[in-house]
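To keep things clear, I will list the structure first and then write my remarks on it.
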Amino acid sequence: MQLEARILDISAGGRRIVLLDNATANILGVHSSERVHITYKDKQIVAIVNVASNFFHNQIGLYKEIAQELGVKTGDMVEVRYAGLPESLRFIRRKILGERLEEEEIKAIVRDVVEHHLSDAEIAAFLTAMHIRGASMYEVAALTKAMVETGKTLNLDKKPILDKHSIGGIPGDKTTILVTPIVAAAGFTIPKTSSRAVTSPAGTADRVECLCPVELSIDEIIEVVKKTNGCMVWGGALELAPADDIFI
């Protein structure tokens with residue numbers, strides 16, 4: 001179905017969301033929170049639908065992220081069709097029921113998370129199920145591997161590569177600033193990534209930023225680590241594990 005694009009002056013924080021009126025949604029056979037497949041020239045994406053009763057008929061409202069990704073302007077015609085629900089939702093339901101997930105199923109969930117095919121509620125359902133039902137060592141390993149494979153990697157050509165991890169928050173968000181320089185000064189390699197504020201007013205990356213830049217590129221990190229054996233940077237700027245940033 002051809003629909004006229006209307007760019008909305010709204011940002012969805014990276015999420016792929018579109019807006020349809022009730023009549024247009026009924027013609028497409030799509031309900032709120034379901035997905036549509038959008039094609040514009042040689043670009044294609046899948047987006048989550050919000051349905052409104054007072055939106056323009058035969059138009060599709062595109063949040064800023066989608067408009068930029070597709071290169072669409074208001075007035076352009078795009079091809080829209082029903083996309084169905086991601087298969088990963090079936091795997092999330094299995095975990096909610098207490099079943100153990102296979103590696104390929106966990107990969108599918110993480111891939112859909114990174115590609116913004118799942119809503120916040122669906123991601124929350126997966127995380128809640130993992131917490132309440134528990135995760136086997138097999139599932140933990142599969143989840144960790146999937147999170148690594150869906151992001152960029154940092155190759156320092158050194159062994160061993162050390163890391164430290166604490167519980168975070170008020171009791172532990174100053175540990176990195178003390179431990180990382182000590183480990184690096186002892187001759188070990190420790191490229192430390194940290195988060196900004198999550199469980200406290202200022203995260204480790206926020207504190208370190210008072211002393212030095214923390215938003216470094218991968219090439220800059222490699223250069224710093226070669227000189228000093230270590231670094232303290234904000235992990236959210238690197239896409240090393242984009243699923244982790246979304247889960248947090």
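The values are calculated or read from the model by the stated rules, or taken from the named source; none is laboratory data. Everything numeric in this text was worked out from a predicted model, so none of it was measured. Positions of Cβ are generated from backbone atoms using ideal geometry, with glycine treated the same way; all protein chains shown enter the neighbour counts.
What are the residues in the stretch 80-109 that are of a type outside the set (K, R) and in a loop (DSSP other than H, G, I, E, B), if any?
Hits for the stretch 80-109 are A83, G84, L85, P86, E87, L97, G98, E99, L101, E102.
Taking strands (runs of 3 or more DSSP E) that fall entirely within the stretch 1-48, which contain at least 3 residues that are under 19 Å from E87 (Cα atoms)?
Ranges flagged: 35-40.
Return the residue satisfying two criteria in turn: it lies in the stretch 134-157 and is of a type in the set (A, V, I, L, M, F, W, C) and assigned to a helix (DSSP H, G or I), and of such residues it is farthest from the chain's Cα centre (by Cα).
M137
For the stretch 89-108, state whether one or more residues are at pLDDT below 95, acidic (D, E) and under 23 Å from the mean Cα position of the chain (by Cα).
no
Looking only at the stretch 110-120, how many residues end up being without any contact (Cβ under 8 Å) to a residue 60 or more places away in the chain and outside any loop (DSSP other than H, G, I, E, B)?
Going through the stretch 110-120 one residue at a time, the tally reaches 2.
Let me spell it out: the conditions are (1) surrounded by fewer than 17 Cβ atoms within 10 Å (Cβ to Cβ); (2) more than 19 Å from A12 (Cα to Cα); (3) touching a residue at least 60 places away in the same chain (Cβ under 8 Å), and M137 meets all of them except one. Which number is the exception?
(3)
Quick one: H131 ticks every box in (1) surrounded by 14 or more Cβ atoms within 10 Å (Cβ to Cβ); (2) modelled with pLDDT of 90 or more; (3) within 30 Å of L89 (Cβ to Cβ) except a single one, so which number is it?
Condition not satisfied by H131: (1).
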